[in-house]
Every structure is written in C-alpha cells, then in structure tokens.
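Step one of this worksheet: look at the structure below.
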Amino acid sequence: MLLIREFENRVRDRFADDEIPGFVHLSQGQEAVAVGACGALAEADYVTSTHRAHGHSLAKGLDPEQLLAELYGKEPGQSNGRGGSMHVADLEEGMLGAQPIVGASVPLGTGAGITAQVTGADWCGLAFCGDGSVAAGQVHEAINLAATWTLPVVYVIENNGYSEGMTHDEQHNIDDLAAMAASYGIPGEIVDGQDVEAVHETVSAARERALSGEGPTLVEAKTYRYRGHFEGDEEPYRSEAEVDEWMAERDPIENYVEVLAEREELEGDELTEMRADVEAVVDAAVRFARDADEPAPEAAYDDIFVDPAPDVQRHRNRMKKDGGVSR
Amino acid sequence: MSAEELADRQTETRTVRDALRDGIREEMLADDRVFVMGQDEEDGGSFEVTAGLHDEFGFDRVRNTPISEAAQVGAGVGAAATGIRPLVNLSFSDFIGVCFDQVMNQAGKLRYMFGGASNVPLTIRAIEGAGLNAAAQHSGTVHSLVAHLPGIKAVAPGTPAAAKGLMKSAIRSEDPVVFFENKTIYERRGPVPTDEAFTVPLGEATVERAGDDVTIVATQRLLGEAIAAASDVDDVSVEVLDPRSLYPLDTEAIADSVKKTGRLVVADESPLSYGFHAEIVTRVLEDAFWSLDAPVQRVGVPDTPIPFAPSQEDEVVPDADDVRRAIRRTI
Ligand SMILES: Cc1ncc(C[n+]2csc(CCOP(=O)(O)OP(=O)(O)O)c2C)c(N)n1
Ligand SMILES: [Mg+2]
C-alpha cells in the first residue's frame, strides 16, 4: 500500500510537470482493495483492470520502474510505451490488462475463467471494475455467463461512490451493488475496502470457491478515491471536507498502521524503514523512466498483427513519399 | 465557410466549442422537445460543450445518464420514435463500439423496416481524434464506419460556422444524425453568422480556400493542416474544401472543384483502408474522371490503432507535412 501511495504521488507530480503525457487516473485511497485482493491471488491468476490501474498493477507484482516507463511512453515500459497508463498489461505477471472502456474488464476476466475451466488449470480470473461500470450491459452479460457456466472468476467492484462527477444515486437505484449477485444466483459479498485484511479474507474465500468449482463471487468493496477522476479534474461534484474526512478517518494505510501497532506487529523503526525503502524504489523508478529511451517511431507499425499485413506499409510508404508519382 | 457564404452576413468570432453550444442552446430554446442526455452532461459533458445548459434548462431537458451507451442510444431511438428529439452524447467516439447495435440496427433501420411508420429524429454526438496522447481507445476516428451504415446521416465539421450550422440542422433533422466533433479543434476560432436563422444544410460542402491547381478535400483537424500546407506551397494554387457532411455528401461541389483543378488530395484522420478517402475518390472517378491529370492522393492514418507514446502518435497521425507531400505528388 505504501508503494502504491508513493508511486502515485510521483505520478501526480511528474504529470503536473508535464513529464507524463496523456491522461492519468490515480487510485489513492483505494490501495487496500488492490493489495487485499491481489494479495489473495496466486502468481498464475489473471487480473483485469480499469482505467484506474496503477494500484492493481503494482499489487499484482508489476515492476515499478517498467510501469513508470510505460506511463512516460518509453521503450522499456511493459507495452513498450504503446499503451500508457490506461492500457497497462503484463501477462507474465498475470496482468491481463487495464481497460478504460468502462465495463470491458469484466468479460475479459470471464474469458480467463473459461480458459481456466476448459484447460483444467489451477488458477482463476479476477476482474476489477468500478461502481459506474455496473451500469454497462456487458458487465451483466459477463457475470451471468460465468454464473451459468460456474466459471472460476472473482469480480471485485471498487465502489468509490463516484463515476467521473456522477454520484451513486444518479446511476443506481440500489444501495449495495453486491445485491445484484442474487440475480445471477451467485454469492454477493460486501467488504470494507479501507480494511486490507478484510478484503484479503473475502477475496481469498471467493478464490477458493472459484477453484473448488463452485463458480464466481461478486465482491463489492466500499472505498473512496482521494484525487479527482483524472489528474486535472476540478471536482465540482464533491466538497473538500468530504475528501478530508475520508483521509482523516478511513485512510487504509494509517488505519492498518494502527492495527499493526496495537498487535505489536510493527515495531521500532520498521514503518520508517519501509517508507524509506518505498521512497528509494519510486525515486529509482522516476530516474529510470526519465532516462529511458523513447520507442522508435516506426515501431508504431509493429504488433498490429502477428502476421503483418502489407497494406500498412503500403499506406505509410505512399504517404511519406516526397516526389511526384511515376506514370 | 466560404467568403461567398459569409459575404452578406453579420458575423462574430466563436470557437468550435462555443459554436456547438450556441447551436444546441438555440435549438433547445426554439423547440422544447429537444432533450439532452449523456454521462456528466449536467456538468457540461466531456470537453464542456454543453456547460451551463443544465443550469438554464433543468433536469427535464438535460440529464446525466449512467455509463450505459447501449441504453443511451437505444432509448434515444425509442424516445425519438415516440415524439421527442434526443441529443445523446456518447463522449469519446471509440465508445460507439459499446452501442453499435443501437446505431446500426435500431437508429439506422427502424424507419425503413416499419415502412416509414416512424421517424427517428435523434442526434448522437461523438468525439473523435488523436493528438492528446490518449492512446488507442480514446483517440480513434470512426466516422467512416458510421457513414457506411444505411439509414444514418453523419457530419464532421471543421469550422465554428459549420459546427453551429450543422448542429442546428442535425437537431432539426427528422433522420438520425451522428455528429462527429474533433477533440483537438474545440478552440479553433472563426466567423459565425449572428443571424439566428443561420443553418448549414446537411449535405453541403464549402470551399474554405479557393485555388486552381489542386483540390484538397479535408475534414476536421486536417482542414487546418490542409490550409497551412496550401499556404506553404506558394508555387501551387490549392483549393481546400470542407465537406462538412459525410453523408449525404456534396458530390457536385467536390467534382466541380476537381473539374477545375484536375488534381485531388483527400485528407481525413480515418484509417486509410475502406473508408472516407475511398468514397471521395470514387465519386470523383464517377463524376470527373476525364478531368483528372494526376493520380489521387490520400492522407490518413495507415491502418494502425493510435499509439500512446508521443513519438509514435506523431508518426502515425498525419499533419501539414503529409498534406504538403501529397500536394507535391500530384504536380
Ligand atoms: C464505455 C465507456 N463509457 C464512458 C467512459 C468514460 N469514463 C471513463 S472512466 C468513467 C467513470 C468510471 O466510473 P467507475 O466505474 O465508478 O470507476 P472509477 O473512475 O470510479 O474508478 C467514465 C464515465 C469510458 N471510458 N468508457
Ligand atoms: Mg467509481
């Protein structure tokens, strides 16, 4: 959680300084959902994510240096800079991809469940999605399919109360999104998304269910995002007091530090040392991303297909040609 | 708009964004059946095109929708068929994938299948274009796909005047219109007639820059790039047309220009294969074949999704240099 928080502090600052191009969506405030859920998974399990993917990616084990390089649009990024913040993917680490098409993470997670089932694998899929995505048809289609086929998938709705600037009540006529599980005939679990151990426990149980052939579970984690929808969002839809209250009362890191201290599981300088370690990691990541090479412009034409189509080069070559066209 | 079109009119300088908003607002004032819906629409929607309209017209006229593009467009069709005039904001045009059935099978076919029993006076706004490092799913130009669909009209203005005039015509149209905006030209400025009766009819192109040697048919962002390229090549007299409407298409204006110049460049940010460029070229071959003096040239995206890395986005997204080279290749 400390790593995600600090990584995104750097992303916030580097973005503000125009070092990171495009759009970035920070997950600060929601760290316990990412860490609790991904911590319950095995390395082989696949995660699908949303536009708010940095936390999920780090929690699933993606390398912070490479991740930041990807956000910078640099060559050593996981997708060689071709995807950026909204399309982070690293299949070797089980990160099946960030999906900024809202709702699209859910059918992709179901698809991982199909592979696991038909190949008899001992891993599962986990699809993260936001509260807003639950209004999208493909989310329902995909969960219904998984329920009907008893697929090994865990669905985690990160309910942070907002979709862009729209409130929960503007989008849903039920209070708890987990209640929808009943309509698919699967268990729906509500969990405090600010409590990393609670998330871990709930997702562990859901994963176990999935792997033992009992089918999918819908988990709703109640959480909150501290930053705007995207960096640069002026946030006219909520008060500063509301944000401050969550930060002061419900911060997943501070609260867990207290829990650990009470249990005497965090002693002496341990926390200070952890913070210092994390600082060092993210500082190194910034240096790495800054110094990394940009991808070659021509590499923009790679990876469209496995077996390249000559049409692409034909179009490009014609467009770049300077002189007249011969008869 | 051409100098001719503007000659006898009082105009004011507006941005594309303001012109779009003016058009929507005037139609909302004129006809209380006009109903606006979209995600975050009460707050101005993406890029703040409808800012202020919720305050002015209230929840009965301007509404937030959940993230439900299929419902937005499908319900838009149903509402249009039963008596109101919805203006549905899809935000980024890439999201049209989520509701393609509602566009293709519902909006496009309802009237025809039902033997003309119902009109579908629906307008769908969709925001296109690369250039903001928004990567593959927020940078697309999809209007060729949509203009291809039977029963759907499509427009993609490149100037503030066209933006306003076409918005008014789209909302008034009894047919479904998909209104494509390019996200990089919202701040583009230009003269817009102040007269409230001003509209731009669907299906009329305009000459944005007159010339004699080469015709460029250019849309949206590339309209600006084409005009810049035209000024660059001072030894060649370049005529630049903005088709404004993709469907119906003003074949006559384009063919007439090519009959005069004998040379054609088509500049549009769509992927190059199977799209807008091919349609323009074919219509010119059909109507002005014997006037052509050189092979036609296309400027567009070479069939790639739009990459994130700035160095790569610059590589695949065409600009004034590409247009200039295309002009040279016709000479
Ligand atoms: C299909 C689609 N529609 C709309 C959008 C624009 N959009 C991006 S994120 C977002 C809000 C998503 O809300 P939620 O699912 O709650 O996730 P959160 O941002 O809160 O993490 C919207 C509307 C999109 N990216 N894709
Ligand atoms: Mg949300």
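What follows is calculated from the coordinates using simple rules that are stated; it is not laboratory data. Since the model is a prediction, treat every value here as computed from it, not as a measurement. Glycine gets a Cβ as well: all are built from the backbone with ideal geometry, and neighbour counts include every protein chain shown.
Projecting label points 7 angstrom from Cα along Cα→Cβ for residue B:231 and residue B:4 puts them 2.3 nm apart.
The angle between the Cα long axis of helix B:276-288 and the longest principal axis of the Cα atoms of chain B comes to about 60 degrees, rounded to the nearest 10. Remark: mean inter-chain Cβ contacts per residue of B:43-55 equal 1, using a 10 Å Cβ-Cβ cutoff to other protein chain atoms.
Normalised Debye scattering of the protein assembly as shown at q = 0.08, 0.10, 0.12 Å⁻¹ gives log10 I(q)/I(0) of -0.64, -0.97, -1.29, counting only Cα atoms as equal scatterers and leaving out solvent.
Remark: A:321, B:109 ranked as A:321, B:109, counting other beta-carbon atoms within 10 Å and listing the fewest first. Ellipticity at 222 nm from helices only: DSSP H runs of n ≥ 4 in chain B, each -39500 (n - 2.57), divided by the residue count, give -10000 deg cm²/dmol. When chain A is treated as a GNM with alpha-carbon contacts under 10 Å, the residue of A:49, A:105, A:163 showing the greatest mean-square fluctuation is A:163. Dividing the Cα radius of gyration of segment A:2-295 by its Kirkwood radius returns 0.96 for Rg/Rh. For B:54, B:143, the sequence from fewest to most other C-beta atoms within 10 Å is B:54, B:143.
If I build a Gaussian network model for chain B, linking alpha-carbon pairs within less than 10 angstrom, which residue out of B:205, B:156, B:30 has the largest mean-square fluctuation? Maximum fluctuation in the GNM of chain B, among the listed residues, is at B:30. To the nearest ten degrees, helix A:2-16 and the longest principal axis of the Cα atoms of chain A are 40 degrees apart.
Rounded to the nearest 0.05, the FRET efficiency derived from the C-beta distance between residue B:112 and residue B:252 at R0 = 30 Å is 0.70. Using 1/(1 + (r/R0)^6) with R0 = 25 angstrom and r between the beta carbons of residue B:278 and residue A:322, what's the FRET efficiency to the nearest 0.05? With a Förster radius of 25 Å, E is 0.60.
Over segment B:206-330, the fraction of Cα-Cα pairs per 5 Å bin, rounded to whole percents and listed from the shortest bin up, is 2, 12, 23, 25, 20, 10, 5, 2, 0. Among the listed pairs B:164/B:260; A:320/B:183; A:74/A:320; A:321/B:153; B:109/B:168; A:320/B:259, those whose Cα-Cα separation exceeds 32 Å are A:321/B:153.
Each label point was placed 7 Å from the Cα along the Cα-to-Cβ direction; for residue B:29 and residue A:150 their separation is 6.5 nm. Considering only DSSP beta bridges whose two residues both sit in chain B, what percent are antiparallel, to the nearest 5? Bridges in chain B are about 25 percent antiparallel. In this structure, residue B:47 and residue A:264 have a Cβ-Cβ separation that, at R0 = 41 Å, corresponds to a calculated FRET efficiency of about 0.15. Over chain B, Cα pairs under 8 Å with separation of 6+ residues give a relative contact order of 17 percent. Along chain B, counting only chymotrypsin sites (Phe, Trp or Tyr not before Pro) with a DSSP assignment other than H, G, I, E or B and at most 15 other Cβ atoms inside a 10 Å radius, the longest segment between sites is B:115-273. Between 0 and 90 degrees, the angle of helix A:196-211 with respect to the longest Cα principal axis of chain A falls at about 70 degrees. Modelled this way, with points 7 Å down the Cα-to-C-beta line, the labels at residue B:285 and residue A:44 are 5.5 nm from one another. For segment A:288-327 versus segment B:244-311, the inter-centroid distance based on Cα atoms is 21 Å.
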